[in-house]
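Colleague: Okay, here's the structure, questions in a sec.
The values are calculated or read from the model by the stated rules, or taken from the named source; none is laboratory data. As the structure is a prediction and not an experimental result, all values here were calculated from the model. Cβ coordinates were reconstructed from backbone atoms using ideal geometry, including for glycine residues, and neighbour counts include every protein chain displayed. With ligands, DNA and RNA removed, areas are computed over all heavy atoms of the protein, side chains included. Shrake-Rupley method; radii C 1.70, N 1.55, O 1.52, S 1.80 Å.
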Amino acid sequence: MSSGESHATAVAHPNIALVKYWGKAAVEDNLPAVGSLSITLGGLSTTTTVRFDPALEHDRFFLSGREDPTMGHRVSACLDRLRARLGSGLHAVIESENDFPTAAGLASSASGFAALVTAADAALRGNLPPEDRADLARQCSGSAARSVFGGFVELRLTPGGPRPTETSQLLPPEAWPLEVLVAVTSTGPKETGSTEGMLRTERTSPYYRAWVESSPADLAGARAAVVARDFEALAEISEASCLKMHGLMLSARPGLLYWNGTTLECLHRIRKLRRSGVPVFFTVDAGPQVKAVCLPEGVERVRAELAAVPGVLRILETGLGEGARVLR
Ligand code: PMV
């Protein structure tokens, strides 16, 4: 360690979108084509320490104690944006840990980049407001902006504004304590990464324009449902947004098929549960895991039902949590 070294540690949680983001308006700046609305999952965490050191000539990234040069390129590119913003030329050692399986399809990039930007900003004494950290995190991973905030979060497109996207909290986690059960149906890496999948969809799907044009109405409906704490309305809009996104993915050429048979069976079971009065709905991202969102009184029934589906490997359970924050 040399003099002039400065460091900070931050924690952030993954989030899942209830109104989905899929598609980019501008690739260079990683600007999303649609807004999105999510919940931040408190039971799962990424903890990241960033040490800036004048003696370093380049950044080094370690995930769970092992150097990861591939991810290191994205991490370094993300730090470049922050360094440019804060006028720093220092390089860093970055150490990151996830307390949940990275292969569980739980958007570790969202919690990862939210924790990275928050720790690096603190280490450089940037004091950026969360809105700025969110917009920086968004440039590194679209969903990461949402993990800067806790509870119910919306990312809005704000062309012509001070920032091209604005991310903010709609409700704190304790205001409506939903529970999330994640049915893990495969631990393999995903077949097509989200950036490649989005670009292919935009290029080839005949439905892409309809997807973009119909997003603001979903966002308005979900926002109103969250503010009113209307579970039925949120369930209807969230499942519709999820199925619309997967319909869009399927309509790309070649089609993006992220589900397996177990995924589909879980969706049927969750729908059946809701029809029988259990307050639960599903959402699925660019992978085969199923996230069941429910009111606390539904947890036991949902857990039992999903555990009985052949092919469900494990179930993770979490409530909602806070946004990214500095630990030390
Ligand atoms: O943040 P990215 O680039 O990995 O994209 C996330 C895309 C989805 O998870 C499928 C949807 C979303 O809004 O999180």
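Colleague: Can you work out which of the residues in region 177-197 that are crowded, with 19+ Cβ neighbours inside 10 Å and under 26 Å from LEU219 (Cβ atoms) is farthest from the ligand (Cβ to nearest atom)?
Modeller: Only one residue fits best here, namely GLU179.
Colleague: Any chance you could count how many residues in region 115-138 are farther than 20 Å from LEU90 by Cα and in a helix (DSSP H, G or I)? Lay out the reasoning, then the answer.
Modeller: Initially, region 115-138 is screened for residues farther than 20 Å from LEU90 by Cα, giving 129-132, 134-135, 138.
Right, trim to in a helix (DSSP H, G or I) and you get 130-132, 134-135, 138.
So the answer is 6.
Colleague: I'm trying to understand the selection: among the residues of region 46-73, which are crowded, with 17+ Cβ neighbours inside 10 Å and in a helix (DSSP H, G or I)?
Modeller: MET71, GLY72
Colleague: Could I ask something else about it? From the list ARG156, ARG200, ARG163, pick out the single residue that is modelled with pLDDT of 95 or more and part of a loop (DSSP other than H, G, I, E, B). Give the steps one after another, and end with the answer.
Modeller: Values: ARG156 fails: part of a loop (DSSP other than H, G, I, E, B); ARG200 fails: part of a loop (DSSP other than H, G, I, E, B).
One residue alone meets the criteria, ARG163.
Colleague: Any residue at all in region 282-303 that is assigned by TED's automatic domain parsing to the domain that holds GLY197, in contact with a Gly (Cβ under 8 Å, 6 or more places away or on another chain) and open to solvent by 20 Å² or more (accessible area, probe 1.4 Å)? Give the derivation first.
Modeller: Looking only at region 282-303, we keep the residues that are assigned by TED's automatic domain parsing to the domain that holds GLY197, and these are 282-303.
Right, trim to in contact with a Gly (Cβ under 8 Å, 6 or more places away or on another chain) and you get 285-289.
From what's left, open to solvent by 20 Å² or more (accessible area, probe 1.4 Å): 285, 288.
Within region 282-303, one or more residues are assigned by TED's automatic domain parsing to the domain that holds GLY197, in contact with a Gly (Cβ under 8 Å, 6 or more places away or on another chain) and open to solvent by 20 Å² or more (accessible area, probe 1.4 Å).
Colleague: At least 3 residues that are at pLDDT 95 or above and within 16 Å of the ligand (Cβ to nearest atom) in each: list the helices (runs of 4 or more DSSP H) lying fully within region 223-328 that qualify. Show your work before the answer.
Modeller: Values: elements: 231-250, 261-275, 299-307.
The helices (runs of 4 or more DSSP H) meeting that bar are 231-250.
Colleague: Given the criterion surrounded by 24 or more Cβ atoms within 10 Å (Cβ to Cβ), within 16 Å of the ligand (Cβ to nearest atom) and outside the structural domain of ARG223 (by TED's automatic domain parsing), identify the matching residue among SER38, SER108. Walk me through it before giving the result.
Modeller: Values: SER108 fails: surrounded by 24 or more Cβ atoms within 10 Å (Cβ to Cβ).
Just a single option satisfies the conditions, and that option is SER38.
Colleague: Return yes or no: is GLU28 modelled with pLDDT under 95, more than 14 Å from the ligand (Cβ to nearest atom) and surrounded by 16 or more Cβ atoms within 10 Å (Cβ to Cβ)?
Modeller: Working: modelled with pLDDT under 95: yes; more than 14 Å from the ligand (Cβ to nearest atom): yes; surrounded by 16 or more Cβ atoms within 10 Å (Cβ to Cβ): no.
Answer is no for this residue.
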